[in-house]
Amino acid sequence: MAFGQYELAKKHYEAGLALDSTNTHLLTDLATYYTEIFYLTDQMPKNNIIKDPKHQARLYIDSALHYLNESYRLDPKDVNTVYKLSVAYWNIEDCSNAWKYYDQAVAWGGRPITEEYTKDLKKRKQK
């Protein structure tokens, strides 16, 4: 993922999950893949391959939420997963859930939370 090899990363995450479907780090990492693809697709202009980039992007963020919620179900105290849940919900403008998971991440130390994200969340909607 760090080198932009998204499909290769996805393949490895899925291979790992085939061996251990309850590995919360792999679930969260696969969700991160879908979140990255969401961002790439959401910014695309309409083209011959993707007629409706916004609709396709929504499918990717829904996949991210699926894997993040599964990871959270298995380990509700993983601050990285909780933070990424907040961001994913922010991306679909579900501010209630974005704040819910943001507050949990803060309560557990807030390590991955960026100042930029905090500002963006506050701009979108107050609690």
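Listed by chain and number, the lysines whose alpha-carbon sits under 20 Å from that of LYS100, ignoring those within fewer than 8 places in the same chain, are LYS77, LYS84, LYS119, LYS122, LYS123, LYS125, LYS127. Could you compute the FRET efficiency for ASN48 and SER21, with r as their C-beta to C-beta distance and R0 at 41 Å, rounded to 0.05? Once the sixth-power term is evaluated, E becomes 0.65.
The aspartates and glutamates within cross-link reach of LYS11, meaning a Cα-to-Cα straight distance under 18 Å and a gap of 8 or more places when in the same chain, are ASP20, ASP29, GLU36. State the answer as a single residue: which of THR114, TYR33, ASN69 lies farthest towards the positive end of the charge dipole of the chain, with beta carbon charges of +1 for Lys and Arg and -1 for Asp and Glu, about the Cα centre. It is THR114. Counting only DSSP H runs of at least 4 residues, each contributing -39500 (n - 2.57), and dividing by the residue count of the chain, the helix-based mean residue ellipticity at 222 nm comes to -23500 deg cm²/dmol.
Readers should treat all values here as calculations from the given coordinates under stated rules, not as data from a laboratory. Bear in mind the structure is a predicted one, so any value in this text is a computation, not a measurement. Positions of Cβ are backbone-derived with ideal geometry, glycine not excepted, and every protein chain shown enters the neighbour counts.
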